[in-house]
Structure formats: C-alpha cells, structure tokens
C-alpha cells in the first residue's frame, strides 16, 4: 500500500506550533526519520528496528515522554497517531477504489460520491467492524463477542479468560509476537489443542492456553503460514 502512496501529509503549521518544534534539531531529525520509516513499513514498526536503523535509544525515550510516539511495553510496537489516522484514511479510500474497479470503473462522479458518503455513514452507524475486516485492520473483540463465537463453536473456552490473556500480552501471536489479525482464528487454534468432547471434563481457559503454549511451533505455523 505504501507504494500506492509513498508520501504522507506534512502540515508546516502543526509542526511549528507543536511540541516537537521546541526540541533540539537532533530530536526533530530523529522524529522525522522515525516517521519516514514508520510510513514505509505500513505503520508497523518496533523499537528494535528503530534502534538497529537509527541508534538513538535516549532520543526515543524523550519522544515517548513528550507523547510524540507511543508504544506497548509488552509488544514494543510503536504508534504515531497522526500517521495512523492517515493510514486508515488511505485504506478506506483503497476499498472504495477497488469496489469501483470491480464494477467496471464506469460510475459517475455523483455515484462515486454516494459510495464515499455511504462508507462514512457505515463508519458512524456501528458498522466499523465490517469496514475494518474488509481493509484488514484488527479490532479487538468484546467479551460478549467472544462468548457468542464460543457458543457458536460449541467449545469450552472461557470468554473472559481468553480476553484477559490476550489483553495482557497486547493481542499478538506467534514466536515473533506479530500483531493479531483474526481473533476467531486464535480461538479455533485454542480448540485444536483440547481433547475431544467425549474424553474431557470441563476445561478452563487456562488449560487451553497452556496447551497452546506447549505447542507454540504449531500455533505459529497456523497464525503465520507463510513464514
């Protein structure tokens, strides 16, 4: 996707009036380099890669303290909000263009405008899950959604334990602790390491998770089949 839009929006006024302008030139340069690397990697960048490429651990801590970048200490993946907002906007536009292309690309300007308006309405009217799934972004489920899916799957996974366990590790999967893409697939993976219904007693969520950890190689292959 970054090849389709190899640049991000930079607004001089926001830069000059923002807190970054009061930092040293070295810190400003580090921040803009991190932004470029973050965008080039489709807004998926961890601290280890930054230190490897830029070698400024103290400057990185300073940017975090100033609130210019954020990161989850459990996953070490950073977040830069203004770039995340631009990335999601780009993803939505990509969906709109793909939909138009599938229908022959002959829609009028008015029709395309209607599609854009409809898409915005879907985002406003509790249809965000559908859009996020379409454009490949992850949104963590609620305990109620987990319970509903476990009931549909007729398994013995405890929804609250599943939620708390993944909330605690930052919703990541596999040996490389990659961001989770499909929580339903993870539930199905937990099921793979349980005993058949005819052979097991009621199994707690912890037992399921322990089985997944003991078979971590298989778990990683399931979540990341191309790695």
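The values are calculated or read from the model by the stated rules, or taken from the named source; none is laboratory data. None of these values were measured; they are calculated from a predicted model. Reconstructed Cβ throughout: ideal geometry from the backbone, glycine too, with neighbour counts over all protein chains shown.
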Expected single match for surrounded by 16 or more Cβ atoms within 10 Å (Cβ to Cβ) and outside any helix (DSSP H, G or I) among 43, 35 is 43
| said: Looking at the range 138-161, can you tell me whether even one residue there is outside the structural domain of residue 7 (by TED's automatic domain parsing), at pLDDT below 75, under 28 Å from residue 9 (Cβ atoms) and surrounded by 13 or more Cβ atoms within 10 Å (Cβ to Cβ)? | reply: no
Test residue 27 against the stated conditions and say whether it is farther than 24 Å from residue 88 by Cα, assigned by TED's automatic domain parsing to the domain that holds residue 91 and surrounded by 14 or more Cβ atoms within 10 Å (Cβ to Cβ). yes
### Task
Determine whether the range 107-118 contains at least one residue that is surrounded by fewer than 16 Cβ atoms within 10 Å (Cβ to Cβ), at pLDDT 90 or above and in a helix (DSSP H, G or I).
no
Of those in the range 50-89 that are out of contact with any helix residue (DSSP H, G or I) (no Cβ under 7 Å at 6 or more places or on another chain) and buried (at least 18 other Cβ atoms within 10 Å of the Cβ), the residue nearest to residue 7 (Cα to Cα) is 87
